[in-house]
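Here's the structure, in structure tokens; my notes come after.
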Amino acid sequence: DIQMTQSPSSVSASVGDRVTITCRASEGLGSGLGWYQQKPGKAPNLLIYHTSSLFSGVPSRFSANASATDFTLTISSLQPEDSATYYCQQANTFPHTFGQGTRLEIK
Amino acid sequence: EVQLVESGGGLVQPGGSLRLSCAASGFPLSSYWMTWVRQAPGKGLERVANIKEDGNEKNYVDSVKGRFTISRDNAKKSLYLQMNSLRADDTAVYYCAAAPNQWYLDYWGQGTLVTVSS
């Protein structure tokens with residue numbers, strides 16, 4: 001299976017800060033990558049699909065990009081409601097593995 | 001409004017069986033791949049199985065092959081997961097999710113907890 005490694009595993013930032021989360025794949029992802037946000041006790045929500053496309057209803061402060069095997073999710077101006085765990089997920093081959101998650105805390 | 005509602009979770013002994021169901025509404029189920037994703041307590045996400053729109057293609061993660069069976073009934077707007085020979089490491093919240101392709105999970109249910117313990 002393709003392995004997905006996220007960094008950092010946790011981050012703490014203030015409202016208004018710019019935050020970047022990175023995901024590295026163990027091999028190239030021709031079919032791209034998605035990003036999900038999960039709040040405690042809730043199901044995940046899709047934020048980004050096909051590496052950089054914003055899912056319907058997701059605020060424009062979320063953006064994503066890629067280079068070779070490295071993928072990034074950026075929150076341009078952190079809001080209190082962005083406190084959550086973020087997961088990347090590869091779309092190349094089943095089981096479309098997820099990263100281990102990055103916990104984002106608001107200071 | 002899109003809704004996915006899971007049911008069927010609970011406490012089961014090791015070696016036992018459970019059948020999870022997921023009722024879908026608010027979107028054309030027959031146009032979506034459907035997926036079961038699980039999350040062990042305090043852990044990350046793992047895609048367990050998925051099934052094509054017409055039910056003719058199914059995929060399973062290695063750890064559940066031969067034990068779990070995914071199925072769907074588009075007429076009843078429902079997805080199922082038959083889980084046999086359950087083990088302690090199957091303990092998790094199980095989510096059903098819908099994908100317009102097989103890759104990205106647009107819609108999720110609220111999850112149902114499966115606990116395997118004696």
How many residues are within 14 Å of chain B (Cβ to nearest Cβ) and part of a loop (DSSP other than H, G, I, E, B) when one looks only at segment A:56-107? 13
Could you tell me whether A:GLY16 is at pLDDT below 95, in a loop (DSSP other than H, G, I, E, B) and either touching a strand residue (DSSP E or B) at 6+ places or on another chain (Cβ under 6 Å) or more than 11 Å from every other protein chain (Cβ to nearest Cβ) (or both)? no
Being without any contact (Cβ under 8 Å) to a residue 60 or more places away in the chain and of a type in the set (Ser, Thr, Tyr) narrows it down to one residue among A:SER52, A:SER9; which is it? A:SER52
Taking segment B:4-53 and keeping only residues that are touching a residue at least 60 places away in the same chain (Cβ under 8 Å), of a type outside the set (A, V, I, L, M) and under 16 Å from A:LEU46 (Cβ atoms), one is left with B:PHE27, B:TYR32, B:TRP33, B:THR35, B:GLN39
Quick one: which of A:LEU29, A:LEU46 is more than 18 Å from A:PRO8 (Cα to Cα), within 12 Å of chain B (Cβ to nearest Cβ) and in a strand (DSSP E or B)? A:LEU46
Give the number of residues within segment A:49-95 that are within 13 Å of B:LEU105 (Cα to Cα) and touching a Gly at 6+ places or on another chain (Cβ under 6 Å). 6
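The values are calculated or read from the model by the stated rules, or taken from the named source; none is laboratory data. Worth saying up front: this structure is predicted, and the values here are computed from it rather than measured. Don't worry about glycine lacking a Cβ; one is built from the backbone with ideal geometry, like all the others, and counts go over all protein chains shown.
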